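**Q** Pasting a structure below so you can have a look.
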Amino acid sequence: MEYNKMERGEVMKKIGFYSILLIISLLFNWDIYAENIVKQELMQKPGIYVYQVQEEPTTYMDPMVWIPVPLQSEITMKEQVYNTIESLFQWSNTEDLYSCIPQGTSVLSVAIEKDQCILNISQELIQYGGGTYIEKMIVEQLCATVFSFPQIQKITILIEGMFQILPEGTEIQEIERKQWEENQKEVTQNGAVI
């Protein structure tokens, strides 16, 4: 009888110890889970993405910042995408936020076919002066902004109605959201926060 009470006491201590560990683990993971939910919710709301200047650069690419764009319930998704992209193209740089989209770039048309967005953009988009770094930043801004619409799963960009490979060799034809998101994870893991 005495032995069972001691054994029960030890078992209860172990249960208590493991319960506390479990609770701490759950609380820690909940913070991470909640933070990821907030990030995912932001990515699911239409808006434009601009870059934020780093005071002390820690990555090779400045991080993107989400700027909400008010949606209008009385217009179509195609018009919403058009207005959002135009907002990006008309962004005025500030002291700490900037866009890599060349001045004068405009949206000529937007087509939504099933889950794909086809943007027809003016020639000014490719008149940024060259450089793979700037080209990558332009493409990232466009993809982040278009993929802020959860219905859109693919993006293709035409220049003046024609498919063109960008000056540094980037193709923007049927880029899939899943592929783009995986690339974002890789970039983030390698030190650049987007």
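The values are calculated or read from the model by the stated rules, or taken from the named source; none is laboratory data. Model, not experiment: these values are computed from the prediction. Note: ideal-geometry Cβ built from the backbone for every residue, glycine included; neighbour counts use all protein chains shown. Heavy atoms of the whole protein, side chains included, go into the accessibility calculation; ligands, DNA and RNA do not. Shrake-Rupley method; radii C 1.70, N 1.55, O 1.52, S 1.80 Å.
**Q** Just the number please: accessible area per residue for the stretch 84-153, 1.4 Å probe, all protein chains included, in Å². Numbers along the way, then the final one.
**A** Working: 2910 Å² over 70 residues.
Averaged over the residues of the stretch 84-153, the accessible area is 42 Å².
**Q** Using r as the Cβ-Cβ distance of PHE163 and THR76, and R0 as 30 Å, what FRET efficiency do you calculate, to the nearest 0.05? Numbers along the way, then the final one.
**A** Details: r = 24 Å, r/R0 = 0.81.
That gives a FRET efficiency of 0.75.
**Q** Let me ask you something else. Note down the nm distance, to one decimal, between modelled labels 7 Å out along Cα→Cβ at GLU171 and at LYS14.
**A** Rounded to a tenth, the inter-label distance reads 6.0 nm.
**Q** Roughly speaking, to the nearest percent, how much of the stretch 96-194's 1.4 Å accessible area is carbon and sulfur?
**A** Details: 2230 of 4750 Å².
With neighbouring chains kept in place, the figure for the stretch 96-194 is 47 percent.
**Q** If packing is taken as the average count of other Cβ atoms within 10 Å, what order do 49-56, 10-17 fall into, highest mean first?
**A** Numbers: 49-56: 14.6, 10-17: 10.0.
Top of the packing list down: 49-56, 10-17.
**Q** Distance check, please: which entries in LYS45/LYS136; LYS78/LYS114; LYS114/LYS185; LYS45/LYS78; LYS78/LYS136; LYS78/LYS185 exceed 18 angstrom between their Cα atoms? List each step's numbers first, then the result.
**A** On the way: LYS45/LYS136 23 Å; LYS78/LYS114 11 Å; LYS114/LYS185 26 Å; LYS45/LYS78 15 Å; LYS78/LYS136 25 Å; LYS78/LYS185 28 Å.
In this structure, LYS45/LYS136; LYS114/LYS185; LYS78/LYS136; LYS78/LYS185 lie more than 18 Å apart at Cα.
**Q** Residue-wise, which Karplus ³J(HN,Hα) couplings in Hz belong to the stretch 92-108, taking 6.51 cos²θ - 1.76 cosθ + 1.60, θ = phi - 60°, and x for glycine or proline?
**A** 9, 4, 10, 4, 10, 10, 8, 10, 8, 5, x, 4, x, 5, 9, 8, 8
**Q** Further question: Would you rank TRP66, TRP180 by solvent-accessible area, highest first, keeping every protein chain in place and using a 1.4 Å probe? Let's see the in-between values first.
**A** Numbers: TRP66 60, TRP180 15 Å².
Order by accessible area, largest first: TRP66, TRP180.
**Q** Using a 1.4 Å probe, how large is the accessible area of LYS154, given in Å² and rounded to the nearest 10?
**A** That residue has around 60 Å² of solvent-accessible surface.
**Q** Report the calculated FRET efficiency for SER122 and GLU56 (r = Cβ-Cβ distance, R0 = 41 Å), to the nearest 0.05. Could you put the intermediate results ahead of the total?
**A** Working: r = 36 Å, r/R0 = 0.88.
For R0 = 41 Å, the calculated efficiency reads 0.70.
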